[in-house]
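Note sheet for the following structure.
The values are calculated or read from the model by the stated rules, or taken from the named source; none is laboratory data. This structure is a prediction, so every number in the text was calculated from the model and none was measured. Cβ sites come from the backbone with ideal geometry, for glycine too, and all protein chains shown count toward neighbours.
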Amino acid sequence: MPQLAGWRRTNVTVGDHEPPDFFKVPALVREYGRDLQARLSATGGTDEILLETLAFAEGRLLYIHPFADFNGRVARVWLREILRRLDLPPVQLAPGEEPTRSKYLSALRAADRNDWRPLIDVWRRRFETGETK
């Protein structure tokens, strides 16, 4: 499916979210990688720093929406790899049923505005519930 290879080549709308213009995606992904690398190197500090790093890893990637399709699946695979590298337990990443799903989507909208607190709370609940998947 050649149309799915590489970064997205058109502007898209995802629900009420309008990701950045497609031509900005390569630069935004490079910036995301550098920022995430710096954040990951500082995760040895406190649990709050770790939770904020995980929230950033998820929220910023989904904000950029770099691919034409399967962004949610790619984000979940990527987050699983980050959890593995940090020796953290696997957790349930896909939002469940209501009201969990609505809270998750609201947290992503806040993250789009660089307000990480709601997504940090999502990550805290993920670890507290201990649900693995």
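Select from the range 36-48 the residues that are loosely packed, with under 14 Cβ neighbours inside 10 Å and either assigned to a helix (DSSP H, G or I) or of a type in the set (F, W, Y) (or both) and list them in ascending order.
Result: Q37, A38, S41, D47, E48.
Taking the range 83-114 on its own, how many of its residues are assigned to a loop (DSSP other than H, G, I, E, B) and either more than 13 Å from the chain's Cα centre (by Cα) or under 22 Å from G44 (Cβ atoms) (or both)?
12
In this structure, does R8 turn out to be crowded, with 16+ Cβ neighbours inside 10 Å and not in a helix (DSSP H, G or I)?
For R8, the condition - crowded, with 16+ Cβ neighbours inside 10 Å and not in a helix (DSSP H, G or I) - is met.
Condition first: within 17 Å of I49 (Cα to Cα), of a type in the set (K, R) and either in contact with a Gly (Cβ under 8 Å, 6 or more places away or on another chain) or free of Cβ contacts under 8 Å to residues at least 24 places away in the same chain (or both). Now tell me which residues in the range 86-133 satisfy that.
R117, R125, listed by residue number.
Scan the range 15-38 and report the pairs whose first residue is within 11 Å of I64 (Cα to Cα) and whose second residue is of a type in the set (S, T, Y) and not in a helix (DSSP H, G or I), with Cβ atoms within less than 9 Å and a gap of 6+ or a chain change.
P19/T13; F22/T10
Would you tally the residues in the range 53-87 being farther than 28 Å from G6 by Cα and modelled with pLDDT of 95 or more?
0
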